[in-house]
Amino acid sequence: MRAKVVILCGGQGTRLREETEYRPKPLVDVGNRPILWHIIKQYAHYGFCEFILCLGYKGEMIKDYFLNYEAMTNDFTICLGCENRIEYHGAHTEQGFSVTLADTGADSMTGSRVKRIQPYIDDDIFMVTYGDGLSDVNITELLKFHQSHGKIATLTSVRPSSRFGVLTISKPGKVESFAEKPRLDSWANAGFFVFNRRVFDYLDIDPSCILERDPLERLARDGQLMAYQHEGFFFAMDTYREYLYLNQLWDNGAAPWKVW
């Protein structure tokens, strides 16, 4: 089936200031390629090659990245002067990808950004994800799940790991067990959404509209939000330490998200 992929690329990435002071977070490299490239490659692996990027902070840099993509990923011969032309040699594996770059405001929140790209959505179903999260979620199975329940919205949920070691303590303070950053029993939103067009009725173009607040809360109250429970890999790059971890996985040939 046909479904466009919307990627949220507008945040300022303040917790990763070591990198995002100079470029938007989606252009921060993992293995010498922007994390945005990795996300696009995952969706394309499952046959979804039409993308809409919601731009904001330093969005002009993402535009430059795609405007210069052919030159930066191929050898080429350029003829200067009045017969100005470029001949590219070889072919990258992103042939036929369609990328719409939409300025959705410097300070818009996630819900507002999705609402602002509504004119570019011409199918009943579309997908949305964050521009800083990598996963090995099976997009085909995610879509099948969404179609099976008939609701407006599906999010992908994962079991997060505790940021701290967890103790079991008995009186008077004896540690009975210790687990270093175990996976929790609760579920967290990892993005990788699937929406029907009716979701736009829950969104507002006002810059303060946050997808993860009122819109998703109202969808849940209306019985229109389902969770695809993903037990595999998911990792969001929020801090410099997480940036280093993802690069280490890639450099070691142990990147679970590399399904292509």
Quiz item: Can you pull out the trypsin sites (Lys or Arg not before Pro) in region 199-260 that DSSP calls coil and that have at most 11 other Cβ atoms within 10 Å?
Solution: none
Practice problem: Taking amide H positions as placed in the peptide plane 1.01 Å from N, state which residues far from ILE52 in sequence (5 or more) or on other chains have amide H under 5 Å from it. | Solution: VAL5, VAL6, ILE7, THR100
Quiz item: For ALA91 and ARG2 in the same chain, what is the full-extension length gain: residue separation times 0.36 nm, less their Cα-Cα distance, in nm?
Solution: 29.6 nm
Self-check item: GLU242/THR77 FRET efficiency (R0 41 Å; Cβ-Cβ; nearest 0.05)
Solution: 0.50
Quiz prompt | Segment ARG221-PHE66, length gained on full extension (0.36 nm per residue, minus Cα span) | solution = 51.8 nm
Quiz item: For the Cα atoms of the chain, what angle does the longest principal axis make with the long axis of helix 139-149, in degrees from 0 to 90, nearest 10?
Solution: 60
Quiz item: Can you tell which of LEU53, LEU216, LEU80 shows the greatest fluctuation in a Gaussian network model of the chain with Cα springs below 10 Å?
Solution: LEU80
Exercise. Counting other Cβ atoms within 10 Å, keep those with at most 12, restrict to DSSP loop, and tell me which GluC sites (Glu not before Pro) in region 81-123 are left.
Key: GLU83
Quiz prompt | Neighbour-count ranking [beta-carbon atoms within 10 angstrom, fewest first] of ILE169, ILE52 | solution = ILE169, ILE52
Practice problem: Given the options PRO26, PRO119, PRO160, state which has the largest fluctuation in a GNM of the chain using a 10 Å cut-off (strictly under) for Cα springs. | Solution: PRO119
Self-check item: C-alpha center-to-center spacing [region 186-200, region 1-32] in angstrom
Solution: 19
Quiz item: Helix 240-251 versus the longest principal axis of the chain: what is the Cα-based angle in degrees, 0 to 90, to the nearest 10?
Solution: 70
Quiz item: How would you rank TYR88, TYR57, going from fewest to most other Cβ atoms within 10 Å of each one's own Cβ?
Solution: TYR88, TYR57
Quiz item: What length, rounded to one decimal in nm, is gained on full extension from ASP122 through to ARG17, with 0.36 nm per residue of separation minus their alpha-carbon distance?
Solution: 34.2 nm
Quiz item: Which one of ASN196, ASN68, ASN84 has the biggest mean-square fluctuation once the chain is modelled by GNM with Cα springs under 10 Å?
Solution: ASN84
Quiz prompt | Residue-averaged [θ]222 nm for the chain, counting only DSSP H segments that reach four residues, each worth -39500 (n - 2.57) | solution = -7000 deg cm²/dmol
Quiz item: How about region 192-236: which GluC sites (Glu not before Pro) there are in a DSSP loop, with at most 12 other Cβ atoms within 10 Å of their Cβ?
Solution: GLU231
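Every number here is computed from the coordinates shown, using simple stated rules; none is lab data. Just so it is clear, the structure is predicted and the values come from calculations on it, not from any experiment. Heads up, the Cβs are rebuilt from the backbone with ideal geometry, glycines too, and the neighbour counts pull from every protein chain shown.
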